[in-house]
1. Roughly what percent of Cα-Cα pairs across the range 291-348 reach past 17 Å?
2. Please list, in order, the residues from the range 129-157 whose amide nitrogen is less than 11 Å from a point placed 7 Å along the Cα→Cβ vector of Thr352.
3. Return an integer: the convex hull volume of the alpha-carbon atoms of the range 221-300, in Å³ per residue.
4. Label points 7 Å out from Cα along the Cβ direction at Asp38 and Ala11: separation in nm?
5. Would you mind pulling out the separation of the Cα centroids of the range 106-138 and the range 381-408, in Å?
6. Which far-off residues, 5 or more places away or on another chain, put their amide H under 5 Å from the one on His177, with H placed in the peptide plane?
7. On the Cα set of the range 165-207, report Rg and Dmax in Å, please.
8. Work out, step by step, the length gained on full extension between Asp227 and Val98: first 0.36 nm times the residue separation, then minus their alpha carbon distance; give nm to one decimal.
Amino acid sequence: MFFVYDLLISATGFVLKIVAWFSPKMKLFVDGRKTVFDTLTDKIKPTYRTIWFHAASLGEYEQGLPVIEKIKEKYPAHKIVLTFFSPSGFEVRKNNAVADATVYLPLDTQRNAKRFLDAVHPDMVFLIKYEYWPNYLQELKKRKITTYLVSGIFRENQVFFKWYGGFYRKALEAFDHFFVQNTQSKDLLLSLGKTNVTVSGDTRFDRVAAILEKDNTLDFISQFKNDTLTIVVGSSWPKDETLLVDYINKTNNAVKFIIAPHNIKPDQIAQLKNSLSKKTVLFSEKEGKNLADYDVFLIDTIGILTKIYSYADIAYVGGGFGNPGVHNILEPATFGVPIVIGPNFSHFAEATALVGNGGCVSVSNQTELDETLDSLIRNQDIRGEKGSICATFVQMNKNATQKILKQIEASGDTSSGLAS
């Protein structure tokens, strides 16, 4: 089976090189992997001791960041190697400060797995949330390298739990311990005979809870807000923006809007700006302007949305009208902000919970969006109640990182040759 799988991955790699000629994102995916081993040779010497973290994309990186920081603190003599599978993660966080080497993960062939592990030679490995690459896992098991899954989540429809999923079930044998987000995931692993499971929760709560301890000041946002009730729209997609633009253009409420679209390509930003009838300014054009004079602030840059949420009175988080669904709602939640989202959120436990307990409101159409925003704008008590639910939810669910580190210490990390 490994032989067939290896052929399929190799063939996929060949096809992706052709696709890269026509897709800028796929070109990043392909070209970025050309320099992986050169980078590792340059930054990771044979004498170094290392710990490897793998994140599929940006969301998984943010999820694993609290664990990376704590492990780095616990093992300061080790080098941290961080890998990404997707360009949307690597390109945004390739210059992060937490890792000593950040590279794309080479495709999952037997040759790549052996070559990569020879180059990195980790004492310990953390895979974040998902991505179970059989060749890498098989090689980790062969080399008896301690391997953990962090913030894992399992569902009945995954291949592990199908009659034909034996190949992937075998890959799970590489994990020394599974740290999962919920009891459903634990029960599913137990059904496979996996008892090395701890329900630690979601490490993203630790990351967003820690945001409150940072300086989230942005003077230009303060100037724009000018003590006016402000709705922050984060990670919006065109389907979200169609409804929001309609609302913004017709509302008579005394309210300002900050929009940070998911896609900040100049042509799409220009199209969005042209669709707005209210006075609008772009982040890239803000210099020399009196921002307090504007009604809408379009953020055509990345990396500052988290801080912007600290200025929100109401947050709309995008993605809920598309597939797979809504983006990260925990960042506005940690600031105690009431949240509005689209209808597609069932795959996200935190969104399902916050909709269920009333901190977050899901809307399905223009009428529902209009009524929800009008209600939140006009009723301070409702805003306060929902915001308090969100903030409490984050605080009640933090400390997953602490549980993970405690379990690692209890199980004896000396088995992997580590020393604090």
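The values are calculated or read from the model by the stated rules, or taken from the named source; none is laboratory data. Since this is a predicted model, take the numbers as computed values, not measurements. A quick note on method: Cβ atoms are made from the backbone with ideal geometry, for glycine too, and the neighbour counts reach across all protein chains shown. Accessible surface areas use protein heavy atoms only, side chains included; no ligands, DNA or RNA. Shrake-Rupley method; radii C 1.70, N 1.55, O 1.52, S 1.80 Å.
1. On the way: 761 of 1653 pairs.
Counting every Cα pair in the range 291-348, those more than 17 Å apart make up 46 percent.
2. 154-156
3. 80 Å³
4. Reported label-point gap for Asp38 and Ala11 is 3.1 nm.
5. 33 Å
6. Thr147, Leu149
7. Reported Rg and Dmax, both Å: 11.3, 35.
8. Details: separation 129, 0.36 × 129 = 46.44 nm, distance 3.61 nm.
Net length gain for the segment: 42.8 nm.
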